[in-house]
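Working notes for the structure below.
The values are calculated or read from the model by the stated rules, or taken from the named source; none is laboratory data. Note that this is a predicted model, so its numbers are computed, not measured. As a convention, Cβ positions derive from the backbone with ideal geometry for all residues, glycine included, and neighbour counts pool all protein chains shown.
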Amino acid sequence: MITFESHIEPEQLELYAMGRMSEEQSVRVEEHLLLCADCQDQLQEFDDFLQALRHAAVKVPTVQPSLGARIREFFHSLVPVRPTYALGAVAAGVLAIVMLVPRPEQQALGTYAVNLESTRGDNGIGVTAPANYRLQLSLDLRGIAERENYSVTIATASGDSVFTTRATPAGARLPVLADRPLRPGEYWVRVSEPAAPHALLREFSLTVK
């Protein structure tokens, strides 16, 4: 666990700099960075290294400053020489501003239609869809008890929910717009009863590449 008395492990700083840390972990790292000059300097080294790698690539993408860089830039503008006595005075104000800084969201490349069909059993036939697209799903409801609406969840192979909504059927199909782009991986699209405890009615395998 990250505390103000200890420093962030280099592996954690590297994950944060590369944007591969969960939202909850990122918040803890950012709270620590506000008050730890040593960790700020180490994060800057990681950022510099990543920037050097990007510029060495054949195609150099346009990279916006990382959230860590924006925190440090704003922090240094308030406390140029980082005196110890000033840290406590500005930490609360800086933390409030950090909470308002929007995190860049994954941009969808477009909308892709996916038809998920059922087999003779309870589960559906798996299909493949492209990554980073909004998915216009059409789920097969044949053989499922009719309801005014259904609960629909998209979960990773490990069971983590990444999208949940309510959807109204159209005949024997259930149209669902998954407006959150999915990263490459294996997913389950689950149709459940609308009321708690949301008994599972059918699930479809979905591969995103």
Discussion item. Condition first: out of contact with any Lys or Arg (no Cβ under 8 Å at 6 or more places or on another chain) and surrounded by fewer than 17 Cβ atoms within 10 Å (Cβ to Cβ). Now tell me which residues in segment 157-172 satisfy that.
Written reply: A157, S158, G159, D160, S161, T164, T165, R166, T168, A170, G171
Discussion item. Just to check your reading of the model, which residue among V189, V176, V162 is in contact with an Asp or Glu (Cβ under 8 Å, 6 or more places away or on another chain) and assigned to a strand (DSSP E or B)?
Written reply: V189
Practice prompt. Report, by residue number, each residue of segment 139-156 that is hydrophobic (A, V, I, L, M, F, W, C), surrounded by 11 or more Cβ atoms within 10 Å (Cβ to Cβ) and part of a loop (DSSP other than H, G, I, E, B).
Written response: L141, I144
Discussion item. When you scan segment 12-26, do you find a residue that is in contact with a Lys or Arg (Cβ under 7 Å, 6 or more places away or on another chain), at pLDDT 80 or above and either outside the structural domain of S161 (by TED's automatic domain parsing) or in a helix (DSSP H, G or I) (or both), even just one?
Written reply: no
Discussion item. Taking the conditions exactly as written (out of contact with any strand residue (DSSP E or B) (no Cβ under 9 Å at 6 or more places or on another chain) and small (G, A, S)), does A157 satisfy them or not?
Written reply: no
Discussion item. I want to confirm something. Restricting to segment 178-209 and keeping residues that are in contact (Cβ under 8 Å) with a residue 60 or more places away in the chain and out of contact with any Phe, Trp or Tyr (no Cβ under 9 Å at 6 or more places or on another chain), which single residue is surrounded by the fewest Cβ atoms within 10 Å (Cβ to Cβ)?
Written reply: K209
